[in-house]
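Presented below is the structure to which this report refers.
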Amino acid sequence: MSNFPFTATECIAAFNSGEVSASEIATASLERIRHANPALNAFIEITGERTLSEARLLDAARKRGASMLPLAAVPYAVKNLFDVEGITTLAGARLYAHNPPARRDGKLLERLHGAGGLLAGTLNMDAYAYGFTTENTHYGSTHNPRDLSRSAGGSSGGTGAAVAAGLVPIGIGSDTNGSIRVPSSLCGVFGLKPTYGRLPRTGSLPFVASLDHLGPLATTVADLALAYDVMQGSDPHDPACAQRPVEATVADLSRGIEGLRIARLAGYFDDNACEDARWASHVAAKVLQAADEVEIPGAAQARAAAYLITASESGALYLDALRERIEEFEPHSVERLIAGSLVPAAWYQRAQRYRRWYLERVLALFEDYDLLIAPATPVTAPLLGQQHIRIGDRELPTRPNMGLLTQPISFIGLPVAVAPLWTGSGLPMGVQLIAPPWREDICLRAAGALEKSGLSGSRISSGAR
Amino acid sequence: MEKNMTDKDRNLEITQYVDATLALHGLELNEARRAETEKQFLLLASMSRIIATEPIPDEIEPAGIFRL
């Protein structure tokens, strides 16, 4: 198994050339998952029968001479807030454990299946997607493959861990305040949070409707772009999904940073970053030839407004269940949900108005720059159970503060790629590569340039290959 | 809440607000859970104060569904 194709690009090439069958790739991936998952707790459900069934269909199609699919024979897995036909959608919550199984796949799974992907299973997360550490009382904590004593980040922690451990080359997560970018940073993989409204959320459990995004995590930038491209397209069933055409990114990756005007974000994004995070931001800026340092005006206020909107919308969403079944809630977040349900409408409205105003001011920055660089997390992966993180001389509670640097960006829906760099401690630290709305291509080109320079990479251990 | 109120006054008002709104919602909490809820609400109140003084122009509308 050591020389078996591992990245999505390698799987597609090996399958298309006839070197290996989809069934062989599926079997290898399932073996890796079954071997590694007991220590990681990344997968909540392994859909082995479906993986092999999808693989056999691909093998039969190839025998018939059917045309090749863009994601043919690529194993992938999804955060367990996505509907998977025949499986109960949990969103990490015991509250949903007795719900009937989903009757059909969510929209993004339909697209991944149609592109030839092989679903390997569903992945652990913070309950309701409310958290940044994937410490789940009812389904267990997910362990970081880089150091099993540490958090994989959250809320898409199972997704980050599954990709970082080499169990699947592509995982699909969600990001409301940083839930793709935090696990990408802490686990050392690439991630993409597309523009708000780009990918349809149909067939996924909502958390904060006005901030929820879906997107991929992957081993390489090419794999990330492949997954993103096949998931694009409008969907009338998601009222926030924009009616935009597919704007494919893979072909443009080789352009790198050609013609891009790049700046590094200072101010708030340095003040809330530890030394490793500032180092990552500076070194990425140097490699990407960032000409300037700039500040986003009002980033601290944006984070506060995102915090309020998140609390208020999620509290309102769960209010009926809080009345009726409070003992089934995740202890780590139940009081935050209750408190959120009490937020006065005037506070919520002001936060939403601030959002509009802040967006207009940030868009003005993009008149001078095409790409902004910032660290993805304030610190590298904390220990599981660690209650506080240290930033300079400040000690802050871990759970609400791992999103300090991601919240001011997703608050206004900007597209962001995360590229992992490696600190002297051996732990990864991601950098956010932030572009104007609908320019995911720029985020991915910059991530590709960092990867090509050798500075960034997901360092999947050879033992997993 | 008045601008010149002390932290003690504000916390008292928040305690009363939390109790009244919990009752309005029909949420009956044990004392430990009620105390933690109030702590979380105080944090939200502090977040609210961070944006309360921002001079947002009147014509700025809320970003409800947010198509960029």
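Tabulated values for the structure
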| item | result |
| --- | --- |
| A:GLU45 being part of a loop (DSSP other than H, G, I, E, B) and not β-branched (Val, Ile, Thr) | no |
| Output for region A:280-310, where each listed residue is within 14 Å of chain B (Cβ to nearest Cβ) and in a helix (DSSP H, G or I) | A:ALA299, A:ALA300, A:GLN301, A:ALA302, A:ARG303, A:ALA304, A:ALA305, A:ALA306, A:TYR307, A:LEU308, A:ILE309, A:THR310 |
| Test: A:ARG32 is within 26 Å of A:PRO145 (Cα to Cα), in a helix (DSSP H, G or I) and touching a strand residue (DSSP E or B) at 6+ places or on another chain (Cβ under 6 Å) | no |
| Region B:1-42, residues that are more than 8 Å from chain A (Cβ to nearest Cβ) and either assigned to a loop (DSSP other than H, G, I, E, B) or in contact with a Phe, Trp or Tyr (Cβ under 9 Å, 6 or more places away or on another chain) (or both) | B:MET1, B:GLU2, B:LYS3, B:ASN4, B:MET5, B:THR6, B:ILE14, B:GLU28, B:ASN30 |
| Every residue from region A:318-347 that is of a type outside the set (Val, Ile, Thr), buried (at least 19 other Cβ atoms within 10 Å of the Cβ) and within 25 Å of A:MET125 (Cβ to Cβ) | A:TYR318, A:LEU322, A:PHE329, A:GLU330, A:SER333, A:GLU335, A:ARG336, A:LEU337, A:ALA339, A:GLY340, A:SER341 |
| Single unsatisfied condition, A:VAL418 versus (1) at pLDDT below 95; (2) among the aliphatic types (A, V, I, L, M); (3) within 18 Å of A:SER179 (Cβ to Cβ) | (1) |
| Subset of region A:1-22 (residues that are outside any loop (DSSP other than H, G, I, E, B), buried (at least 19 other Cβ atoms within 10 Å of the Cβ) and more than 21 Å from the chain's Cα centre (by Cα)) | A:GLU10, A:CYS11, A:ILE12, A:ALA14, A:PHE15, A:ALA22 |
| Members of region A:411-438 that are within 14 Å of chain B (Cβ to nearest Cβ) and assigned to a strand (DSSP E or B) | A:VAL416, A:ILE434 |
| Lone qualifier among B:ILE50, B:ILE56 - being facing chain A (nearest Cβ under 7 Å), free of Cβ contacts under 8 Å to residues at least 60 places away in the same chain and either in contact with a strand residue (DSSP E or B) (Cβ under 8 Å, 6 or more places away or on another chain) or in a loop (DSSP other than H, G, I, E, B) (or both) | B:ILE56 |
| Test result for A:ARG439, surrounded by fewer than 24 Cβ atoms within 10 Å (Cβ to Cβ) and within 20 Å of A:ASN177 (Cβ to Cβ) | no |
| Residue match in region A:50-69 (condition: under 27 Å from the mean Cα position of the chain (by Cα), buried (at least 17 other Cβ atoms within 10 Å of the Cβ), of a type in the set (Gly, Ala, Ser) and within 24 Å of A:SER184 (Cβ to Cβ)) | no |
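The values are calculated or read from the model by the stated rules, or taken from the named source; none is laboratory data. From a predicted model like this one, the values you see are computed outputs, not experimental measurements. When we count neighbours, we look across all protein chains shown, and the Cβ atoms used for this are built from the backbone with ideal geometry, even at glycine.
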